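Only one structure is covered here, and it is reproduced in the block below.
The values are calculated or read from the model by the stated rules, or taken from the named source; none is laboratory data. Bear in mind that the values here come from a model prediction, so they are computed numbers and not experimental data. Cβ placement follows ideal geometry from the backbone for every residue including glycine, while neighbour counts extend to all protein chains displayed. Accessible surface is based on the protein model in full, side chains and every heavy atom, while ligands, DNA and RNA are left aside. Shrake-Rupley method; radii C 1.70, N 1.55, O 1.52, S 1.80 Å.
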Amino acid sequence: MTIRLFNTLTKTKDDFAPIDAANVRMYVCGPTVYDFAHIGNARPAIVFDVLYRLLRHEYGAGHVTYVRNITDVDDKINARALRDFPGLPLNQAIRNVTEKTEAQYHADVAALGCLAPTHEPRATDYIAQMVAIIEQLIARGHAYAAGGEVLFDIQSMPDYGALSRRNLDEQQAGARVAVDAHKKHPHDFVLWKLSDDNEPGWDSPWGRGRPGWHIECSAMSAAYLGTEFDIHGGGLDLIFPHHENEIAQSRCAHGTPVMAKTWMHNGFLQVEGEKMSKSLGNFLTISGLLADWPGEVLRFNMLKTHYRQPIDFTLAGLRESWKTLERWYDVAEPLANPAPDAAFLEALSDDLNTPAAIASLHQAEDVALAGGLGFLGFSNVQMKITRKPGVDIVAIAQAIEARLAARKAKNFAESDRIRDELLAQGIVLKDGPTGTTWEIKR
Ligand code: AMP
Ligand code: ZN
């Protein structure tokens, strides 16, 4: 079966042919671990998990290497460490932040049904490799030290900007970026910067400092996948500057024509028609959602939209996903050993068309339905726990929403009535900072 994937580099859907079918190699940019992951961050985790499963099916489980990194050095992490652990030595404070956040991320993505990647390297374990790449870039005339930084010289790379299709001259003319006097071009980006005592740092030929963001992924992907590999993924906000700059570093350091052959980017997720933001109060963390919704429902809801399309994440969509899954689980227990039918596999192989694959399950025989569900990473474990006899979870979610609407309209008689009606059914509501949850009255 031929897998076809849309490649951001060529802007076409191409037949996928691995460099080495015995070891298909994929890298996906992982989280920066300073805060709870939100439901938008769940999208690349779920999308590339489905691709991982498809590749394992096609090439064999032992013949696919999937690397997703952990970014554990970043100025946002420093700021969080100083804020949350002001009395502690900086290293300890940082470790507290990153270890807790990383553990939370692992719990989140496991609940969403994602397989663990083959390797999950942490950036701080690859500082030596980053330094080596930077030295190589300097030696080859692609980087320079200036103003307490080492910078990549974008004008030294003739096709810089090819992924995002940016033109260097246009950028220079239109650049609104404050031109740092020490830079040769306003878009020259940081490979290494010196640290002061309040910042984490490692010794290097340029003094005690820390890496820029982009260099991490060049170092970790090369360490596990080599200087040329098959697939590189992430959300579409990463195309520029992050992926463009990863390509520049890797290709110029290694003298290779490509870094990854296929570049894949998932579209963005918004919530109830709006961009998610803390100030709008629609910032949904994965762990917050998991208090109310089984991970399988969140996963299913995500896969109903094609990965390159924007998603509008709504409660109505979640409820519908819940109903569909519940109906399917009544007739088919997901199979660990996939036996999906041809229509299902064809849809998935066509640039990971999960909505078409799911649509095919509506017509499938029970066995093919069970196989399709198992293939997509559904297990019916969480729903079995959540589905307590006599409790209509969807109706409760609807009642909670109606109560919220009543409260917004300042109709407190109605909102109290809804709460009391639920209480009469043995359901206790709990209002918290992330929304309303419920439990069964003991
Ligand atoms: P970050 O920790 O912000 O670097 O994001 C981790 C991953 O989540 C990256 O692949 C981002 O592209 C992706 N991402 C962040 N926000 C969203 C969103 N709202 N929708 C989809 N993907 C997102
Ligand atoms: Zn990256």
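The lone criterion from (1) touching a strand residue (DSSP E or B) at 6+ places or on another chain (Cβ under 8 Å); (2) within 21 Å of ASN23 (Cα to Cα) left unmet by HIS254 is number (1).
Listed by first and then second residue, the pairs linking a residue in the stretch 123-146 that is without any contact (Cβ under 8 Å) to a residue 60 or more places away in the chain to a residue that is assigned to a loop (DSSP other than H, G, I, E, B) and of a type in the set (Ser, Thr, Tyr), with Cβ atoms under 6 Å apart and 6 or more places separating them unless they lie on different chains, form an empty list.
For (1) surrounded by 20 or more Cβ atoms within 10 Å (Cβ to Cβ); (2) part of a strand (DSSP E or B); (3) of a type in the set (Val, Ile, Thr), each residue gets a yes or a no:
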residue: MET1; (1), (2), (3): no, no, no
residue: ALA17; (1), (2), (3): no, no, no
residue: ASP20; (1), (2), (3): no, no, no
residue: ARG25; (1), (2), (3): yes, yes, no
residue: PHE36; (1), (2), (3): no, no, no
residue: GLY40; (1), (2), (3): yes, no, no
residue: PRO44; (1), (2), (3): yes, no, no
residue: VAL47; (1), (2), (3): yes, no, yes
residue: LEU51; (1), (2), (3): yes, no, no
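Filtered by the rule that a residue be open to solvent by 90 Å² or more (accessible area, probe 1.4 Å) and in contact (Cβ under 8 Å) with a residue 40 or more places away in the chain, the stretch 397-442 gives a lone residue, THR434. For the stretch 13-24, the criterion of being among the aromatic types (Phe, Trp, Tyr), away from ligand 1 (no atom under 16 Å from the Cβ) and free of Cβ contacts under 8 Å to residues at least 60 places away in the same chain is met by none of the residues. Against the criterion of being closer than 17 Å to MET220 by Cβ, of a type outside the set (Phe, Trp, Tyr) and touching a Leu at 6+ places or on another chain (Cβ under 7 Å), ILE154 does not qualify.
Annotation: GLU320 fulfils all but one of (1) out of contact with any strand residue (DSSP E or B) (no Cβ under 7 Å at 6 or more places or on another chain); (2) among the acidic types (Asp, Glu); (3) not in a helix (DSSP H, G or I); the unmet one is (3). Where the second residue is among the β-branched types (Val, Ile, Thr) and in a strand (DSSP E or B) and the first is in contact (Cβ under 8 Å) with a residue 60 or more places away in the chain and lies in the stretch 303-323, which pairs have Cβ atoms under 7 Å and are six or more apart or on separate chains? Short answer, once both residue conditions are applied: PHE313/VAL271.
Within the stretch 259-280, if we keep just the residues that are crowded, with 21+ Cβ neighbours inside 10 Å and under 16 Å from ALA45 (Cα atoms), the residue that is farthest from ligand 2 (Cβ to nearest atom) turns out to be LEU269. Considering the conditions (1) over 16 Å from the mean Cα position of the chain (by Cα); (2) open to solvent by 50 Å² or more (accessible area, probe 1.4 Å); (3) farther than 21 Å from LEU404 by Cα, ALA316 is excluded by exactly one of them, (3).
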